[in-house]
Amino acid sequence: MDNEFETGTLAVRAGIRRSQFNEHAEALYLSSSFVFDSAAQAAARFSGEEGGFIYSRFSNPTVDMLQERLAALEGAEACIATASGMAAILATVMALMKAGEHIVAAQSIFGATQQLFGGILAKFGIDTTFVASVDATAFRAALRPQTKLLFIETPSNPLTEVFDIAALAQVAREGGVLLVVDNCFCTPVLQRPLDLGADLVIHSATKYLDGQGRVLGGAVCGRAVLVDEVFRFLRTAGPSLSPFNAWVILKGLETLPIRMQAQSAAALELARWLEAQPQVLRVHYPGLPSHPQHALAMRQQKAGGAIVSFEVKGGREQAWQVVDATRLISITANLGDTKTTLTHPASTTHGRISAAARAAAGIGENLLRLAVGLEAVADLKEDLKRGLARL
Ligand SMILES: *Cc1c(COP(=O)(O)O)cnc(C)c1O
């Protein structure tokens, strides 16, 4: 169901498989294992001669439905679901790399991904070079003969820097390495990295794919030969997605297109409004013409997304005042929810990196990150205005 339907249709319909009861909604198959008709069938299933379910660490009908729907949305040949976004990243590296090989990653990636690459994988002989630039030539310069993966997130967190996926895909092709894109912020509704030449797309389904803050989940999408390697790691090592979580995310996907459109439109309105507030120094949002890569973002993405970062006049004290004056917006580090969230990155998500590294990355004490949800924009403005008015 990949090419003949539009995104909105795929989000609701792709991947549905019905049981003998012909249920209308996607069924939740809470079963850890599956029975066989005979000893011969069991043997055929285990040897791979016959398709079908064996054990839910390998595959499960509900998880399969999610995988098929997400693959259709990303325009991918295959998709494998994982227990979390981090499990998707770990499984990709473990499946496709070995000791002695090398990763080139953007400096501005999710904190846990940074720690996985820079800390944990280093113990197993996999080195990472972090590139502190959005420039494709800087990534080309970091490639080594041992490089296997080029890893980016676009737009980045929290400054919404935009990386040119097509240009980096070209660098990856020339260098004989794989381009992996964490598509968490845009989702396939706003950006399809595989269409632009990326080899694999990673998701934290915990964020917009569920979209309502209920479950953890992740996924890897791309060519079947690559995804199959990840599947083989997963079925052996175990960070597979639970059928219950898969079912929740599957139902979340049904509203993903309308949520992304609505949350992006609200984010653009708030970004414009914030830019006009005298207490705000600067707004970081790819949908604003003032964003340094606005043209690239508008070429690569269907909209600016729902993350808006802004710098208030002053420092930590002033930023915290805005946070503490909210009555509606949730003070939490999570994002991708229908409920708007507000974070002070320097003291939370990016609190563990040194002040010097933070300053170099442009994450000041006066920076706040807003993940815009589905509340009325007028109410969100009122909630932010209260704190801003005190500055
Ligand atoms: C949250 C997040 C992850 C990790 O996902 P989990 O589901 O929390 O493991 C990876 N990448 C990005 C961009 C994220 O925001």
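Where a number appears in this text, it was derived from the coordinates with a stated rule and is not lab data. Since this is a predicted model, take the numbers as computed values, not measurements. Glycine also receives a Cβ, built like all others from the backbone with ideal geometry; neighbour counts cover every protein chain displayed.
Calculated FRET efficiency, Ala132 and Glu275, Cβ-Cβ r, R0 25 Å, to nearest 0.05?
0.45
Debye-formula intensities of the range 235-390, expressed as log10 I(q)/I(0) at q = 0.08, 0.09, 0.17, 0.19 Å⁻¹, are -0.26, -0.33, -1.03, -1.20 (one equal scatterer per alpha-carbon, no solvent).
Under a 5 Å amide H cut-off, with hydrogens placed 1.01 Å from N, Thr147 pairs with His102 among residues at least 5 apart or on other chains. Under 21 Å of direct C-alpha separation, and excluding same-chain neighbours fewer than eight residues apart, Lys251 reaches these lysines: Lys207, Lys339. Based on Cα atoms of the range 137-248, Rg over Rh with Rh as the Kirkwood radius reads 0.99. A run of the chain free of exposed loop cleavage sites, with GluC sites (Glu not before Pro) counted only in DSSP states other than H, G, I, E and B and at most 16 other beta carbons within 10 Å, reaches its longest extent at 78-374.
What does the charge add up to near Gln212, with Lys and Arg as +1, Asp and Glu as -1, over the other residues with Cβ less than 11 Å from its Cβ? Value of the local net charge: +3.
Let a ≥ b ≥ c be the square roots of the eigenvalues of the Cα gyration tensor of the range 65-185; is it rounded (a/c under 1.5), or, if not, prolate (a/b larger than b/c) or oblate?
Because its axes are fairly even, with a/c under 1.5, the range 65-185 counts as rounded.
Across the range 1-114, Cα pairs under 8 Å and at least six residues apart give a relative contact order of 25 percent. Hydrophobic, long helices, defined as DSSP H runs whose alpha-carbon span along the helix axis is 27 Å or greater and whose mean Kyte-Doolittle value is at least -0.5, occur in the chain at 256-275.
Here the gap between Met298 and Ala357, fully extended at 0.36 nm per residue and compared with their Cα-Cα distance, gives a gain of 18.3 nm.
Remark: the Val323-Lys339 segment gains 4.2 nm on full extension, using 0.36 nm per residue and subtracting the alpha carbon distance.
Summary value for the chain: 16 percent relative contact order, contacts being C-alpha pairs under 8 angstrom separated by 6+ residues. As a proxy for reagent exposure, ranking Ile80, Ile16, Ile126, Ile202 by other Cβ atoms within 10 Å from fewest up yields Ile16, Ile126, Ile202, Ile80. Loop-resident chymotrypsin sites (Phe, Trp or Tyr not before Pro) (DSSP state other than H, G, I, E or B) in the range 36-137 with no more than 12 further Cβ atoms inside 10 Å of their Cβ: Phe124.
Among residues other than Ala106 with Cβ under 11 Å from its Cβ, the summed charge is -4 (Lys and Arg +1, Asp and Glu -1). Using the Cα gyration tensor of the range 50-133, with a ≥ b ≥ c the square roots of its eigenvalues, what is the shape: rounded (a/c below 1.5), prolate (a/b larger than b/c) or oblate (neither)? Prolate, because a/c is 1.5 or more and a/b exceeds b/c.
Only beta bridges with both residues in the chain are counted; by DSSP, about 55 percent of them are antiparallel. Based on Cα atoms of the range 1-159, Rg over Rh with Rh as the Kirkwood radius reads 1.07.
How would the range 19-96 be classified by its alpha-carbon gyration tensor: rounded, prolate or oblate, with rounded meaning a/c under 1.5 and the a/b versus b/c comparison settling the rest? Oblate, because a/c is 1.5 or more while a/b does not exceed b/c. Here is the short version for the chain: Cys184, Cys186 have no other Cys C-beta closer than 4.7 Å. Taking Lys and Arg as +1 and Asp and Glu as -1, the other residues whose beta-carbon sits under 13 Å from that of Ala237 total +2. Per residue, the Cα convex hull of the chain amounts to 141 Å³. Helical runs (DSSP H, four residues minimum) scored at -39500 (n - 2.57) apiece and divided by the length of the chain put the mean residue ellipticity at 222 nm at -11500 deg cm²/dmol.
Looking at the range 241-391 alone, DSSP beta bridges between its own residues are antiparallel in about 85 percent of cases.
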